[in-house]
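Participant: Just dropping this structure here.
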Amino acid sequence: MIGNLFGFLSNDIGIDLGTANTLVFVRDRGIVLREPSVVARYKTSKKVCAVGADAKRMLGRTPGTIEALRPMKDGVIADFEISEAMLRYFIEKVDKRKLVPPRVVIAVPSGITAVEKRAVKDSAIRAGAREVLLLGEPMAASIGAGLPIEKEEANMIVDIGGGTTEVAIISISGVSYQRSIRVGGDELDEAIIAYMKRAYGLLIGERTSEEIKFKIGSAAPFGELSMDVRGRDATAGLPKTIHITSQEIREEALKEVVSQIVELVKNALDRCQPEHSADLIDRGIVLAGGGALIRGLDQVISDATGLPVIQADDPLCCVANGTGKFLNLLGTLSREQVDRLVTQ
Ligand code: ADP
Ligand code: MG
């Protein structure tokens, strides 16, 4: 009853603290904010000068006095202070204060340590939360994707973010297997940068390589495409344009990273409980996260495992939607059920 009253009086908030993007869900309103997980600060004083989209614009082109950092880049908290600054900025931006401070559910990468979890919780409290609950990212993604997590039958979720890929097997509202690697969509971009330099002596930046990935990147053959790429000639130092095909990008640049993601999934299948293996033959594998949008990844994983692979609806919002659904469920769950779902 008191919980319900609090819910009525406060804006409960769900946050997807991603390596590439932070999304904020406000109860009864849905996703209200989506900004890059980037913080810019002055090099000497370490004072934060911009967060989110404003800070991302500074990445790669900061004046000498400012540095732009990604606090969650590898799925761990690189710097507590800038993570806190980011969390505070996002919470304050959406929390149009009602009578009671918000309850905040934060989805965190499953690889973070107990100390890092404590730091995230403390940061959110300092930013004005009344209570903080942490959800493991795969659990949040599973809830967001609408998987029947409370059933005995196992489900497998693969969340491919910017800096990490997380795989988990979930049944009876608990995680029975999980692993993550520090490889995600960013590594695909880096592989394209390396390939353009190796094959053509062409230097390109992160923005261009991500654009190549969006436009013609793929994990499996499809109706092939091509495009012109502009960059700087590594030896002459002058601007140069090169024509590339989706086939060469797939086979020469992306293949290695894609196979690391496939290996992660195969390992999970190899290590999970036999009963769960059996369940997955029917239930298949669900892909979430922005990296799931690369063409043909579902097909490659399906070919490698022999299992059906489904892309979650709106993969970029899956985790944030999961935190939102969890907030709505909170009133109906017992303390034990909540403890099982959250990560301590
Ligand atoms: P995180 O949860 O780690 O913040 P996201 O789930 O937001 O990551 O995904 C970000 C990654 O998804 C980036 O590497 C981005 O380039 C990639 N991405 C987003 N849209 C697409 C797309 N249409 N095709 C391929 N990759 C995409
Ligand atoms: Mg994510």
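The values are calculated or read from the model by the stated rules, or taken from the named source; none is laboratory data. The shown structure was predicted, so the numbers you read here are calculated from the model rather than taken from an experiment. Backbone-built Cβ (ideal geometry, glycine too); neighbour counts: all protein chains shown. Just the protein is used for accessible areas: all its heavy atoms, side chains included, with ligands, DNA and RNA removed. Shrake-Rupley method; radii C 1.70, N 1.55, O 1.52, S 1.80 Å.
Participant: Tell me whether the stretch 35-53 contains one or more residues that are within 16 Å of ligand 1 (Cβ to nearest atom) and open to solvent by 40 Å² or more (accessible area, probe 1.4 Å).
Facilitator: No.
Participant: Can I ask one more? Select from the stretch 103-125 the residues that are more than 14 Å from the chain's Cα centre (by Cα) and either modelled with pLDDT under 90 or closer than 30 Å to residue 309 by Cβ (or both) and list them in ascending order.
Facilitator: Within the stretch 103-125, just 105 meets the criteria.
Participant: If you don't mind, there's one more thing I want to ask. Does residue 263 qualify as being over 16 Å from residue 299 (Cα atoms), assigned to a helix (DSSP H, G or I) and at pLDDT 95 or above?
Facilitator: no
Participant: Output the residues belonging to the stretch 239-252 that are open to solvent by 10 Å² or more (accessible area, probe 1.4 Å) and among the hydrophobic types (A, V, I, L, M, F, W, C).
Facilitator: 242
Participant: Does at least one position in the stretch 212-221 carry a residue that is in a strand (DSSP E or B), out of contact with any Leu (no Cβ under 6 Å at 6 or more places or on another chain), closer than 30 Å to residue 269 by Cβ and within 16 Å of ligand 2 (Cβ to nearest atom)?
Facilitator: Scanning the stretch 212-221, I find no residue that is in a strand (DSSP E or B), out of contact with any Leu (no Cβ under 6 Å at 6 or more places or on another chain), closer than 30 Å to residue 269 by Cβ and within 16 Å of ligand 2 (Cβ to nearest atom), so the answer is no.
Participant: I'd like the full set of residues that are of a type in the set (Ser, Thr, Tyr) and more than 17 Å from residue 298 (Cα to Cα), limited to the stretch 151-184.
Facilitator: Correct list: 164, 171, 173, 176, 177, 180.
Participant: Return a yes/no flag: does the stretch 194-208 have any residue that is in a strand (DSSP E or B), in contact with a helix residue (DSSP H, G or I) (Cβ under 7 Å, 6 or more places away or on another chain) and either at pLDDT 95 or above or among the polar types (S, T, N, Q) (or both).
Facilitator: yes
Participant: Still on this structure: Which condition number does residue 133 fail, the rest of (1) outside any loop (DSSP other than H, G, I, E, B); (2) of a type outside the set (Asp, Glu); (3) within 16 Å of ligand 1 (Cβ to nearest atom) being met?
Facilitator: (3) is the only condition that residue 133 fails.
Participant: Pull out all pairs, ordered by first then second residue, where Cβ-Cβ is under 6 Å, the residues are six or more apart or on different chains, the first lies in the stretch 119-140 and is under 15 Å from residue 75 (Cβ atoms), and the second is assigned to a helix (DSSP H, G or I) and more than 16 Å from ligand 2 (Cβ to nearest atom).
Facilitator: 119/80; 134/117
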